[in-house]
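Only the coordinates and a few stated rules stand behind these numbers; no lab work does. The structure presented is a predicted model; accordingly, all values stated were derived computationally and were not measured. Here Cβ is always computed from backbone atoms with ideal geometry, including for glycine, and neighbour counts include all displayed protein chains.
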Amino acid sequence: MYYVHSQYPDVTLSRRVTELDIERRALWAGLICSLFGLVVGLIIFAGERPPLFGDLSVGIVSAVCGAVSAGASSAYAFRTMLRARETWLKRIPAWRQMVTALGLVLVHVASTIMIMLVVFHLLQQAFYGLHLDVLAGALAVSVSTGISAYLSLEATARINAESLSVVLGIFMCAGVLISMLLAEDQNWWRSMFSSLGTTQAGMGSFWTFNLTLVISGLVLAAFTEFLTRDLVRLAQTYRCRPALERYKIARMVRPRPKLVRWCLLLVSMGIIGIGLVPFDVAMEVHSAFVQMVSVAMIFLLLGTIVLLPGYPVVFHLLSYAAIGAIWGAFQLWNQWSYYNLTGFELSVVAIMFSWISVFIRTTSAMTQDRSEPRTTHSPSELEKAKKKPAAKGD
């Protein structure tokens, strides 16, 4: 506990970087990167009439330029703004800062590529056969690149545990959905969920699915740093309930941010391992990573009442309900054959991410409540106190 507390001694936000600073720098990033996209488009499309999507198209060039701009803007925002606003980031070890930065940068790069390709593919379907001239194509790349840089810088500079969890959920869902659509084997779902990450499903599905898992694991590791900071803030203000103080065992139970952090890190490492080692490459290693994720999550769910005292009772009940739901999903697959292995895996993933979402929102709400000053006076009493003239000698 002391090790974790010593890394997060400052729980206040620095005011050196204001909201106006972020907006101004984001606009500059968007302007500079839009000029970069314009120049690249004019060079690549010289003498060509590019389509919206396909080989050497506006969509492909926009995806590449947008990814470069999004990655550079996100890295700049992390280095110069996020670390200045969240001063505790400077106090964690350098390698953990690197992992956090890498997760944030890669998720913006990958999200930009996916969004660009999907949008321009849909536009090509809507405007079938349309080809642009050099200027129009370069301007489209310029606009796409500028927007990517602007949004990435804004998102990174203002990131927190709650917003990062939303990014993680959307990115994972989008990546898995795209890998499903790219799967050449339309019957992939008849075997198991991880078959999307095999070469038999097609190279498009193989790369999309596995890269989604690897980047999601890195984002989860980055998210763990922000969540741990919030848990430490709660641990510093934790007080045992008066009704339980007479029980010695209740007084010994304290919040354990470090154990929660290690559980989530094991989950993130397991997800990265699942993406790096598809089951058709080394099935035993792949299964070991799956078991690592499962054990870490089950331990976290079972131990919430000990690891996270002070949380609402309904949250602990929900944690045990999640375990019951997982057991029920297993029985539906193993005993009653209601669905196949893919259905069971999708059910477990949905249950786990639903619980994580509730965990994050509950932690965020508790952190905000603890940070706000409280008063025992009603609003009317406060108004009377303001109007009351000060006594002589005050």
Subtracting the Cα-Cα distance of T80 and I323 from 0.36 nm times their residue separation yields 83.3 nm
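Counting Lys and Arg as +1 and Asp and Glu as -1, what is the net charge of the other residues whose Cβ lies under 15 Å from the Cβ of V134?
-1
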Here the net charge surrounding G202, from other residues whose Cβ is less than 12 Å away from its Cβ (Lys, Arg +1; Asp, Glu -1), is -2
For the chain, longest principal axis from Cα atoms; helix 203-236 axis from its Cα atoms; angle between them, nearest 10 degrees, is 20 degrees
re the chain: pairs of Cα atoms spaced beyond 27 Å account for a percent value of 59 percent
Expressed as a whole-number percentage, the relative contact order of the chain with C-alpha contacts under 8 angstrom and at least six residues apart is 17 percent
Sorting S354, G204, L122 by the position of each Cα along the dipole of the chain (Lys, Arg +1; Asp, Glu -1; all at Cβ), the one nearest the positive end of that ordering is S354
Among R229, R79, R190, the residue with the largest mean-square fluctuation in a Gaussian network model of the chain built from Cα contacts under 10 Å is R190
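In debye, nearest 20, what is the charge dipole magnitude of the chain about its Cα centre with +1 on Lys and Arg Cβ and -1 on Asp and Glu Cβ, if you could check?
About 2340 debye.
Based only on other Cβ atoms within 10 Å, what is the fewest-to-most ordering of F330, F45?
Listing F330, F45 from fewest to most nearby Cβ atoms yields F330, F45.
Using only Cα atoms, figure out Rg for the stretch 158-230 and give it as a multiple of 2.2 N^0.38 Å.
Computed over Cα atoms of the stretch 158-230, the ratio equals 1.28.
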Per the 1/(1 + (r/R0)^6) rule, R0 = 30 Å and r from the Cβ atoms of A350 and R96, FRET efficiency to 0.05 is 0.50
Between the Cα axis of helix 134-157 and the main Cα principal axis of the chain, the angle (0 to 90°, nearest 10) is 20 degrees
If the chain between M192 and V295 were fully extended at 0.36 nm per residue, the gain over the current Cα-Cα distance would be 35.1 nm
Rounded to whole angstroms and listed largest first, the alpha-carbon spread of the stretch 42-139 along its three principal axes comes to 55, 24, 19
Treating only Lys and Arg (+1) and Asp and Glu (-1) as charged, each at its beta carbon, one finds that the stretch 1-159 has a dipole about its Cα centre, in Debye to the nearest 20, of 700 debye
Simple SL model, points at 7 angstrom along Cα→Cβ for A126 and T362; separation in nm is 4.2 nm
Diffing the stretch 182-192: the Karplus 3J(HN,Hα) column from phi (6.51, -1.76, 1.60, θ = phi - 60°), in whole Hz with x for Gly and Pro, holds 8, 5, 6, 8, 5, 9, 4, 6, 6, 9, 7
The summed charge of the Y150 Cβ neighbourhood (under 12 Å; Lys/Arg +1, Asp/Glu -1) stands at 0
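Using r as the Cβ-Cβ distance of T199 and V166, and R0 as 30 Å, what FRET efficiency do you calculate, to the nearest 0.05?
The calculated FRET efficiency here is 0.40.
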With Rg from the Cα atoms and Rh as the Kirkwood inverse mean 1/r over Cα pairs, the stretch 81-198 has an Rg/Rh of 1.07
